[in-house]
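Below is one structure, written out as structure tokens, with a few remarks after it.
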Amino acid sequence: MALSAKQAILGGANENTYTVRIPWVNREYQFAYHPGFLPWLVLGGRLVFGFYFLYGGFDKLFTNGAWKGLAEFKKGELHAFLAFADPHWGLGSIYNTWAKHPTVIDIIAPLVVFGEFFIGFALLFGILTRIGFLSAALMMFTFYLANAPANNPFLDEYIFYIGIFATLGALGAGRIFGIDHYLEKSRLVQKYPVLTWFLG
């Protein structure tokens, strides 16, 4: 029997199930997913965020293809982020102090750009993907600690980003047209299976 487009996307006759057991409550939960749709969704998410971070790194160093270095980023976006952080939320007061010390800004600026490049390449090419997603989540958490959410007691877009990164990392996004797929077959990883936690 042929499936409609809606059935193909939502599951239907070709869906698989994944069972999760939670021991301390002695319960099992089953999740249905469509094997022909989920991998493409995961791959798309990985590539979108890879481009997002990579572009962010290039944008801080170039304007219209011309090199501008880190000076503009230090004096503008980074300084404003630190100086206008909420001193009554998270690490806001520490960020305010850092904004007054050019040496600290000189240290933070290249770390931010390097982090964006690392995350971007890791996600685009699917190499050390889980480390890439973990790094992205940590970066979003530092943003979260700067200012209190505007319309919610504790939730904002950064928390949702962290949740998305955790989900894509758990689903093994780097194994889909990614270098991690081949690294997992290497002798080193076969000898030390714990390394698979950093791949995929």
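Going by what's in this entry, would PHE31 be described as touching a Ser or Thr at 6+ places or on another chain (Cβ under 9 Å), outside the structural domain of ARG175 (by TED's automatic domain parsing) and under 21 Å from THR167 (Cβ atoms)? Yes: the conditions hold for PHE31.
Is it the case that some residue within the stretch 4-13 is modelled with pLDDT of 80 or more, of a type in the set (A, V, I, L, M) and surrounded by 10 or more Cβ atoms within 10 Å (Cβ to Cβ)? The answer is no; no qualifying residue exists.
Restricting to the stretch 51-74, what's the tally of residues that are surrounded by fewer than 13 Cβ atoms within 10 Å (Cβ to Cβ) and either modelled with pLDDT under 95 or under 21 Å from ALA146 (Cα atoms) (or both)?
Within the stretch 51-74, the subset surrounded by fewer than 13 Cβ atoms within 10 Å (Cβ to Cβ) is 55, 62-67, 69, 71.
The next check asks that each one be either modelled with pLDDT under 95 or under 21 Å from ALA146 (Cα atoms) (or both); those that pass are 62-67, 69, 71.
Summing the residues that are surrounded by fewer than 13 Cβ atoms within 10 Å (Cβ to Cβ) and either modelled with pLDDT under 95 or under 21 Å from ALA146 (Cα atoms) (or both) in the stretch 51-74 gives 8.
Of the helices (runs of 4 or more DSSP H) lying entirely inside the stretch 19-112, those containing at least 2 residues that are of a type in the set (Phe, Trp, Tyr) and out of contact with any strand residue (DSSP E or B) (no Cβ under 9 Å at 6 or more places or on another chain) are 38-61, 92-99.
Quick one: in the stretch 115-150, of everything that is crowded, with 19+ Cβ neighbours inside 10 Å and among the aromatic types (Phe, Trp, Tyr), which residue is nearest to TYR95 (Cα to Cα)? By that ranking, first place goes to TYR144. Taken over the stretch 101-134, the criterion of being closer than 24 Å to TYR161 by Cβ and of a type in the set (S, T, N, Q) is satisfied by THR129 alone.
Please verify whether TYR33 is surrounded by 13 or more Cβ atoms within 10 Å (Cβ to Cβ), within 24 Å of ASN16 (Cβ to Cβ) and either out of contact with any Pro (no Cβ under 9 Å at 6 or more places or on another chain) or free of Cβ contacts under 8 Å to residues at least 60 places away in the same chain (or both), treating the condition exactly as stated.
Details: surrounded by 13 or more Cβ atoms within 10 Å (Cβ to Cβ): yes; within 24 Å of ASN16 (Cβ to Cβ): yes; either out of contact with any Pro (no Cβ under 9 Å at 6 or more places or on another chain) or free of Cβ contacts under 8 Å to residues at least 60 places away in the same chain (or both): yes.
In short, yes.
Results for (1) of a type outside the set (Val, Ile, Thr); (2) in contact (Cβ under 8 Å) with a residue 40 or more places away in the chain, shown as yes or no for each residue.
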{"site": "MET140", "(1), (2)": "yes, no"}
{"site": "PRO149", "(1), (2)": "yes, no"}
{"site": "TYR158", "(1), (2)": "yes, no"}
{"site": "GLY163", "(1), (2)": "yes, no"}
{"site": "ILE176", "(1), (2)": "no, yes"}
{"site": "LEU183", "(1), (2)": "yes, yes"}
{"site": "LYS191", "(1), (2)": "yes, no"}
{"site": "VAL194", "(1), (2)": "no, no"}
{"site": "GLY200", "(1), (2)": "yes, yes"}
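Tallying residues that are under 21 Å from GLY50 (Cα atoms) and among the aromatic types (Phe, Trp, Tyr) within the stretch 74-127 yields 5. Checking the stretch 92-100 against the condition returns a match, with at least one residue being in contact (Cβ under 8 Å) with a residue 24 or more places away in the chain and closer than 26 Å to GLY163 by Cβ.
The values are calculated or read from the model by the stated rules, or taken from the named source; none is laboratory data. What you are looking at is a predicted structure, and each value in this text was computed from that prediction instead of being measured. Note that each Cβ is placed from the backbone with ideal geometry, even for glycine, and that neighbours are counted across all protein chains shown.
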